[in-house]
Amino acid sequence: MPERALNVNGRRYRWMDRPLVVVCVDGCEFDYVRKAVAAGVAPYLGRMLREGAAFEADSVVPTFTNPNNLSIVTGVPPSVHGICGNYFYDREADAEVMMNDPKYLRVGTILAAFAREGAAVAVVTAKDKLRTLLGKDLDGICFSAEKADAQQQALAGMAKPSVYSAELSEFVFAAGVKLMESHRPDLMYLSTTDYVQHKAPPGSDAANAFYAMMDPYLARLDALGATIALTADHGMNDKFGADGRPNAIYLQDLLDGWLGAGKARVILPITDPYVVHHGALGSFATVYLPPQADVIDRLAKVKGIQLVLSNAEACARFELPPDRLGDVVVISEKNAVLGTSTARHDLSGLDAPLRSHGGVSEQPVPLMFNRKTGGIPGKKRLRNFDAFDVALNHLAG
């Protein structure tokens, strides 16, 4: 009998030989895992490192939640699936909008494709902003911890947590384990929130406590016979100066001074409904310029800016959709962030020195499996969106 497989977005995936759980740990650079294991608080993650397969992979730039989660579940970069930020300027609508509507997704997901072929599929995400995108055309279970109803809360055995809490991520894991025990889906996708990572660096007490929370849930999924693939949407870095204040470059203020007020439009794709812990300050911005304006060389000389690229250069380098970016892309250095105007950022909610993401410096992430690989031919550079490919096509029996 021929091996059953699906082709999705130009990639071939074998049918699961046991339940597959793909986990996206929001904001997880590899050091969080390594230091939690070294501290002795995450024995199961340590077992994955020793007995499974672990790689440092690259996430998608911009290193934000929506582009990377959608790359993971489609197996392709944003140039193909179209989701290049949490927020963008919709030229057709002439409006700045959240990129949460599934109409912006240009291809189907691996999740929906397997469900169409008869697989039982479940998705649990922390924040509701991802639910409609991850659940596009999905005939299966799909809900968020943020908007969990009474039945979903009973399933997880937890009350609905605050969106600004570590418990929001724990709800995802608790629900995932209960779904595996009660429904045993063939394929499950779990996506957490980076609330902790925005506040706590790797190896800190708060960070280690977060990975200690996660660890027994992963161990239980393993004990239930699941293949586990764990990756992240982006890393995280300190973005503050010696005085503890955000090390921010306010692009709209700069461009207004150079070109005239309102002549340029700065878009920050990190923007989402949950800006308390980052104040909408991230390390990637795109700029819409008036005709004949040329600011690339001038921007490149600004302290704290790492890269200034034209639309074409940025799309070629980072595999992005040109129609959903401005004329120029700006990326800040590792310990700097980009803003619009000083007056437009409410930083009153920051109760810890700013940690954020979005740039090239937050691109390396873990890609870990609880089984060894049988080899990954032709892969010099693994991406987080290779998670399904490795898990279904390259793990040893």
The range 319-339: number of residues that are farther than 30 Å from Tyr13 by Cβ and open to solvent by less than 10 Å² (accessible area, probe 1.4 Å) = 10
key: Search result, residues across the range 41-98 that are over 13 Å from Asp233 (Cβ atoms), touching a residue at least 60 places away in the same chain (Cβ under 8 Å) and in a loop (DSSP other than H, G, I, E, B)   = Val41, Ala42, Gly52, Gly75, Val76, Pro77, Gly82, Cys84, Arg91
ask   = Pro366 versus (1) in contact (Cβ under 8 Å) with a residue 12 or more places away in the chain; (2) over 19 Å from the mean Cα position of the chain (by Cα): which is the lone unmet condition?
value = (2)
key: Members of the range 53-74 that are hydroxyl-bearing (Ser, Thr, Tyr) and more than 19 Å from Lys379 (Cα to Cα)   = Thr63, Thr65
Answer residue from the range 30-54, given it is within 14 Å of Met214 (Cβ to Cβ) and small (Gly, Ala, Ser) and is most open to solvent (accessible area, probe 1.4 Å) among those = Ala39
query = If you take the residues of the range 250-264 that are over 15 Å from Asp294 (Cα atoms) and part of a loop (DSSP other than H, G, I, E, B), which of them is most open to solvent (accessible area, probe 1.4 Å)?
reply = Ala261
message = So in the range 201-214, with the set limited to residues that are surrounded by fewer than 21 Cβ atoms within 10 Å (Cβ to Cβ) and touching a helix residue (DSSP H, G or I) at 6+ places or on another chain (Cβ under 6 Å), which one is farthest from Cys28 (Cα to Cα)?
response = Met213
query = Does Leu133 satisfy being at pLDDT 95 or above, closer than 21 Å to Tyr87 by Cα, assigned to a helix (DSSP H, G or I) and of a type in the set (A, V, I, L, M)?
reply = yes
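Each row is one residue, and each column tells you yes or no for (1) more than 20 Å from the chain's Cα centre (by Cα); (2) farther than 17 Å from Leu130 by Cα; (3) not in a loop (DSSP other than H, G, I, E, B).
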| residue | (1), (2), (3) |
| --- | --- |
| Ala159 | yes, yes, no |
| Val163 | no, no, no |
| Leu168 | no, no, yes |
| Val172 | no, no, yes |
| Gly176 | no, no, yes |
| Met180 | yes, yes, yes |
| Met188 | no, no, yes |
| Asp194 | no, no, no |
| Gln197 | no, yes, no |
task = Pull up the range 133-157, narrow it to residues that are surrounded by fewer than 18 Cβ atoms within 10 Å (Cβ to Cβ) and at negative phi, then point me to the one that is nearest to the chain's Cα centre (by Cα).
result = Lys147
ask   = Given the structure, is Arg106 farther than 16 Å from Tyr189 by Cβ, of a type in the set (Lys, Arg) and not in a loop (DSSP other than H, G, I, E, B)?
value = no
Pick from the range 215-249, criterion small (Gly, Ala, Ser) and in a strand (DSSP E or B), ranking: most open to solvent (accessible area, probe 1.4 Å) = Ala248
message = Cβ-Cβ distance below 7 Å, separation of 6 or more or different chains: which pairs start in the range 2-16 with a residue that is within 16 Å of Asp386 (Cα to Cα) and end on one that is of a type in the set (Val, Ile, Thr) and assigned to a loop (DSSP other than H, G, I, E, B)?
response = Asn9/Val76; Asn9/Val107
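The values are calculated or read from the model by the stated rules, or taken from the named source; none is laboratory data. Worth saying up front: this structure is predicted, and the values here are computed from it rather than measured. Neighbour counts are summed over all protein chains in view; Cβ atoms, including those assigned to glycine, are modelled from backbone coordinates with ideal geometry. These area figures cover heavy atoms from the full protein model, side chains too; ligands, DNA and RNA do not enter into them. Shrake-Rupley method; radii C 1.70, N 1.55, O 1.52, S 1.80 Å.
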